[in-house]
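The block underneath contains the structure these notes are about, expressed in structure tokens.
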Amino acid sequence: MSKALDMAEMIRTRLLTAPLPGEIPTTLDLTAVEVMVDRQKNILSDVTKAVAKARGTAVTILWQGYQVADENARTPRMEHRYTVSVWSKPILAGENLAADEVMEAVMNRLWQWIPSGGHVHGEVKVKNGGLVPDNKFLIYDCEISLTISN
């Protein structure tokens with residue numbers, strides 16, 4: 001597996017792990033949410049199935065690419081960018097989780113997180129995001145990035 005997908009799996013694991021004492025608490029239990037790494041396949045069918053389940057929400061992690069992070073480093077350092085998207089039903093009912101609340105919990109889990117291993121340099125940066133227009137789903141996303149050396 002590539003470093004980019006290895007890191008996406010680490011992000012997935014982070015989201016599916018409850019906060020430890022001293023970490024930023026989340027308002028929602030993300031361990032009940034389906035989190036998927038988008039491997040450039042037709043993930044829409046998986047998202048549709050996950051959103052149809054009881055909690056009505058799914059999270060996808062998509063690697064967007066990379067850019068040189070430090071031109072003067074002794075070894076190449078690349079800033080890898082990911083889009084984390086929260087998908088939900090447009091109208092909530094019963095036990096369904098609100099997409100904006102899930103996105104807030106996702107950002108809290110990733111904020112100032114320093115992944116161990118994988119030659120990561122520094123903490124994850126949570127960047128811009130917002131509402132994504134869609135006719136079938138309510139989707140919120142945000143961009144995160146982290147620097148990895150080769």
Practice task
Evaluate region 63-72: report whether one residue or more is closer than 18 Å to residue 17 by Cβ, more than 11 Å from the chain's Cα centre (by Cα) and not acidic (Asp, Glu).
Solution key: no
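Residue 68 - would you say it is under 19 Å from residue 143 (Cα atoms), of a type in the set (A, V, I, L, M) and open to solvent by 80 Å² or more (accessible area, probe 1.4 Å)?
Values: under 19 Å from residue 143 (Cα atoms): yes; of a type in the set (A, V, I, L, M): yes; open to solvent by 80 Å² or more (accessible area, probe 1.4 Å): yes.
Considered against the rule, which asks whether it is under 19 Å from residue 143 (Cα atoms), of a type in the set (A, V, I, L, M) and open to solvent by 80 Å² or more (accessible area, probe 1.4 Å), residue 68 comes out as yes.
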Problem - Pair list, Cβ < 7 Å and 6+ apart or interchain, from region 127-150 residues that are touching a residue at least 24 places away in the same chain (Cβ under 8 Å) and in a loop (DSSP other than H, G, I, E, B) to residues that are of a type in the set (Gly, Ala, Ser) and open to solvent by less than 20 Å² (accessible area, probe 1.4 Å) - result: 137/88
Exercise for the section: Filter region 78-96 down to residues that are surrounded by 18 or more Cβ atoms within 10 Å (Cβ to Cβ) and modelled with pLDDT under 85, then give me how many there are. Expected result: 1
Problem - Listing of strands (runs of 3 or more DSSP E) fully contained in region 12-120 that carry 1 or more residues being aromatic (Phe, Trp, Tyr), without any contact (Cβ under 8 Å) to a residue 60 or more places away in the chain and more than 23 Å from residue 148 (Cα to Cα) - result: 77-88
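The values are calculated or read from the model by the stated rules, or taken from the named source; none is laboratory data. Treat the numbers as computed from the prediction; the structure is a model and nothing was measured. Here Cβ is always computed from backbone atoms with ideal geometry, including for glycine, and neighbour counts include all displayed protein chains. Heads up: the accessible areas ignore ligands, DNA and RNA and are worked out on the full protein's heavy atoms, side chains in. Shrake-Rupley method; radii C 1.70, N 1.55, O 1.52, S 1.80 Å.
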